């Protein structure tokens, strides 16, 4: 198997897990039909992932078959749609997935921090915090949506800064102890 094909297979597997998790996360907030889910996921990922019908519905079917979500048929005028919601099993699985994802993120960051130096941090990591990224995710949004997005991002960044600040202080103390020996 070619290197490119192998990378493609691994990437597909990774995306598959993320897509399922994004659907479960969206449904944790509120039940939704397929269209509303696609819109919600696009908004929550700041347009980084815009699911299509051909992507979304097979995943909804798969998650339903696995007992993680269920649906109720809703009729609006002449249209009938399925409103999906998380099952108890889905809530348990989502909780475990979030914990596993956090563990993987920590492991990845740990590996990256031992291999890379400060000057070779991935540019997309830095892009996430850049002004141009903020401007891009705000395009076409109403003032209320912009306020909501920016408020949420500032809250997240403040939490990250607080955690990093505390960790930095602890590391500096440990470093001073080690240098003293």
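Test each condition in (1) outside any strand (DSSP E or B); (2) surrounded by 15 or more Cβ atoms within 10 Å (Cβ to Cβ) for residue 99 and report the one that comes out false.
Looking at each condition in turn, residue 99 falls short on (2).
Testing residue 25 on (1) more than 13 Å from the chain's Cα centre (by Cα); (2) in contact (Cβ under 8 Å) with a residue 40 or more places away in the chain, one condition comes back false. Which one is that?
For residue 25, the failing item is (1).
Spot the failing condition for residue 40; the list is (1) in a helix (DSSP H, G or I); (2) exposed (fewer than 15 other Cβ atoms within 10 Å of the Cβ); (3) touching a helix residue (DSSP H, G or I) at 6+ places or on another chain (Cβ under 6 Å), and only one is missed.
(2)
In segment 60-95, which residue that is part of a loop (DSSP other than H, G, I, E, B) and in contact with a helix residue (DSSP H, G or I) (Cβ under 7 Å, 6 or more places away or on another chain) is surrounded by the most Cβ atoms within 10 Å (Cβ to Cβ)?
Here the answer is 68.
Could you list, in sequence order, all residues of segment 73-99 that are farther than 17 Å from residue 17 by Cα and in contact (Cβ under 8 Å) with a residue 40 or more places away in the chain?
74, 81, 82, 83, 84, 85
Report the residue count in segment 1-22 for those that are over 24 Å from residue 41 (Cβ atoms) and surrounded by 10 or more Cβ atoms within 10 Å (Cβ to Cβ).
Looking only at that region, the number is 2.
Yes/no matrix, rows are residues, columns are (1) modelled with pLDDT of 90 or more; (2) over 27 Å from residue 140 (Cα atoms):
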residue	(1), (2)
31	yes, no
43	no, no
73	yes, yes
77	no, yes
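Determine which member of the set 104, 96, 111, 88 is closer than 30 Å to residue 167 by Cα and modelled with pLDDT of 90 or more.
96
The values are calculated or read from the model by the stated rules, or taken from the named source; none is laboratory data. The structure presented is a predicted model; accordingly, all values stated were derived computationally and were not measured. Ideal geometry is used to build each Cβ from the backbone, glycine not excepted, and the neighbour counts take in all protein chains shown.
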